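Structure record follows, encoded as structure tokens.
Just so you know, all these numbers are worked out from the coordinates, no wet-lab data involved. Note that the structure is a prediction, hence the values are computed from the model and not measured. Here the Cβ positions follow ideal geometry from the backbone for every residue, glycine too, while neighbour counts run over all protein chains shown.
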Amino acid sequence: MSQEKQERIKACLEELATLLYSEADKSQLIDLEGIEKTVRSQILEYVGPEIALFLSNKQPKQK
């Protein structure tokens, strides 16, 4: 992957992290367990489905 693409991914992830943090329950972010549960929950709810949609459109058709 090119350096330019890596930098773009990093910038997008930083923006995503800011958005997800703004929606997080801050009372859950006091210890590692709470942070991990929050991140996992947000990935499952918001990030995973979008990646799955992208990947499902790219799969080769079966004969």
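Convex hull over the alpha-carbon atoms of the chain: what's its volume per residue in Å³? Intermediate values should be presented prior to the final figure.
Numbers: hull volume 7.7 nm³, N = 63.
Expressed per residue, the convex hull around the Cα atoms of the chain is 122 Å³.
With a simple spin-label model that places each label point 7 Å from the Cα along the Cα-to-Cβ direction, the separation between Ser27 and Glu15 comes to 3.3 nm. Computed from label points 7 Å out along Cα-Cβ, the spacing between Gln6 and Glu50 is 2.3 nm. Here's the list of aspartates and glutamates a cross-link from Lys26 could span, going by alpha-carbon distance under 13 Å and ignoring same-chain residues fewer than 8 apart: Glu36.
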